[in-house]
Amino acid sequence: MKLSFSAADEAFRVEVAQWLQDNLTGEFEHIRFRGGPGDEHVFVEERKRWEQRLAEGGWTCIAWPEAFGGKQATIEQQVIFNEEYARAGGPGRVGHIGETLMGPTLIEFGTPEQQAKYLPGIRAGREYWCQGYSEPGAGSDLGNVKTRAVFDEATQQWRINGQKVWTSLAHESHYCFVVARTDPNQVGHKGLGFFMVAMDQLGVTIRPIEQLTGTAEFNEVFFDDAVCAADDILGAPGQGWAVAMALLGYERGVSTLGQQMLFQNELDEIIRVAKTNGTSQDPSIRQRIAEAHMGLKTMRYNSMRMLSGAEGSQLNREAMIYKLYWSSWHRNLGKLAMDVMGEQAEILEAAPYELNRLQSMFLFTRADTIYGGTNQIQRNLIAERALGLPREPRGQS
């Protein structure tokens, strides 16, 4: 486990911090610390322009190989960038799904033609992606997807029919990577394909899902004879599960350190409020703040451990516990925020539904232990895949 950085790494940290200080000004000053989870509906156009500013400065896709426009940054440099970005208050990334998930997966599995078609737009911060995994009957169980993909010999296109749900930023995305069943005679993880589908076509309908926070960054997406070209399948038909699982490996990669810096910013705000309103003098509140601090440090050290020796989309077994740990910790942080605010937690800043930063965070954290795999499913995955325990008995289908 690597817990320190070299002199060259620290020089890179200074470079990153200085660039962010110089550029998070002017038209971008007011979007600092905005646009994160639960806040993704704000300043969307400004954050798109910010993506392009990052690209101009060479700070998008820094982990990608130089041949694809990246910096081929080391693990240590990627960690540093994510930490300094969050520390500087860099706004939520509109292009993060393309950069951290789709891009690396295309580099690993894509053909040269697919890479040339899709990677430049991601690198330039001008084309955005969303994830078409979950369905009404296939949330944590990706192997139960019902969306179908049939190849049309006459038009040489794939025709896709089905529904996806909880699709983050679908309404802002140019493309969606869609897991769909290519072989109706197969069940579970077999017979799936991984498709790259343009969102701007008649066969795609996007409906927002309004949440407890009053926002709608998630969507339902309906595919009714939506099409994509014959070569817009990543891997071969039947290999969709392998590609989808590799992509999830990137999801639990270096970006976890940036996520933790966002958590640190939230904890810092809770501490500020506690000092201001006097709740910091309450022994139970002080104890819970200390526990939150220790939990965040534990999260960091485990992330450093799981990144040590990671290759591509393959992570160590320690990565299996990350979702369960951070979601439970963050849910408790939301509860702490409300208790620190006291009666003010129940008062809105303005009508009709204007939440402050901590109120929004609390409401959003109620879903942390559900999306991306419920805590119950995560425990099964840890037991069966990380520890090698016998599979949970399944009922007959």
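The values are calculated or read from the model by the stated rules, or taken from the named source; none is laboratory data. Not measured: the values here are computed from a predicted model. Backbone-built Cβ (ideal geometry, glycine too); neighbour counts: all protein chains shown.
From the list Q21, Q52, pick out the single residue that is surrounded by fewer than 20 Cβ atoms within 10 Å (Cβ to Cβ), touching a residue at least 12 places away in the same chain (Cβ under 8 Å) and farther than 26 Å from H174 by Cα. Spell out the reasoning first.
Values: Q52 fails: farther than 26 Å from H174 by Cα.
One residue alone meets the criteria, Q21.
Hey, among the residues in region 121-134 that are among the small types (G, A, S) and either touching a strand residue (DSSP E or B) at 6+ places or on another chain (Cβ under 7 Å) or closer than 14 Å to M196 by Cβ (or both), which one's surrounded by the fewest Cβ atoms within 10 Å (Cβ to Cβ)?
Step one: list which residues in region 121-134 are among the small types (G, A, S), which gives 121, 124-125, 132, 134.
Then drop every residue that is not either touching a strand residue (DSSP E or B) at 6+ places or on another chain (Cβ under 7 Å) or closer than 14 Å to M196 by Cβ (or both), which leaves 121, 132, 134.
Details: G121: 16, G132: 29, S134: 22.
For region 121-134, the residue satisfying everything is G121.
Taking region 90-120 as the search range and keeping residues that are crowded, with 17+ Cβ neighbours inside 10 Å and small (G, A, S), which one is nearest to P65 (Cα to Cα)?
The extreme case among them is G103.
Within region 58-74, is even one residue farther than 28 Å from F5 by Cα and under 19 Å from the mean Cα position of the chain (by Cα)?
no
Within region 34-81, can you find the residues that are among the β-branched types (V, I, T), more than 26 Å from F109 (Cα to Cα) and in a loop (DSSP other than H, G, I, E, B)? Outline the logic, then answer.
Let us first name the residues in region 34-81 that are among the β-branched types (V, I, T), namely 42, 44, 60, 62, 74-75, 79-80.
Right, trim to more than 26 Å from F109 (Cα to Cα) and you get 42, 44, 80.
Within region 34-81, just V42 meets the criteria.
Given the residues A154, A149, A116, which is the only one that is assigned to a helix (DSSP H, G or I) and either closer than 18 Å to N185 by Cα or not assigned by TED's automatic domain parsing to the domain that holds E40 (or both)?
Numbers: A154 fails: assigned to a helix (DSSP H, G or I); A149 fails: assigned to a helix (DSSP H, G or I).
Answer to the selection: A116.
Kindly evaluate N265 against the criterion of being outside any loop (DSSP other than H, G, I, E, B), of a type outside the set (A, V, I, L, M, F, W, C) and farther than 21 Å from S134 by Cβ.
Numbers: outside any loop (DSSP other than H, G, I, E, B): yes; of a type outside the set (A, V, I, L, M, F, W, C): yes; farther than 21 Å from S134 by Cβ: yes.
Against the criterion (outside any loop (DSSP other than H, G, I, E, B), of a type outside the set (A, V, I, L, M, F, W, C) and farther than 21 Å from S134 by Cβ), N265 qualifies.
Which numbered condition in (1) within 30 Å of I62 (Cβ to Cβ); (2) not assigned by TED's automatic domain parsing to the domain that holds Y301 is the only one that Q264 fails?
(2)
List pairs: first in region 284-298 and assigned by TED's automatic domain parsing to the domain that holds D268, second of a type in the set (D, E), Cβ under 8 Å, 6+ apart or cross-chain?
Close Cβ pairs satisfying both conditions: I285/D339; R288/D339.
May I ask you to verify whether I233 is farther than 22 Å from M304 by Cα, buried (at least 20 other Cβ atoms within 10 Å of the Cβ), of a type in the set (V, I, T) and in contact with a Phe, Trp or Tyr (Cβ under 7 Å, 6 or more places away or on another chain)? Quick ask: steps written out before the conclusion?
Details: farther than 22 Å from M304 by Cα: yes; buried (at least 20 other Cβ atoms within 10 Å of the Cβ): yes; of a type in the set (V, I, T): yes; in contact with a Phe, Trp or Tyr (Cβ under 7 Å, 6 or more places away or on another chain): yes.
Spelling it out, I233 is indeed farther than 22 Å from M304 by Cα, buried (at least 20 other Cβ atoms within 10 Å of the Cβ), of a type in the set (V, I, T) and in contact with a Phe, Trp or Tyr (Cβ under 7 Å, 6 or more places away or on another chain).
Out of all the residues in region 339-397, which are within 26 Å of D268 (Cα to Cα), of a type in the set (D, E, K, R) and touching a residue at least 12 places away in the same chain (Cβ under 8 Å)?
Selection gives D339, R357, R366, D368.
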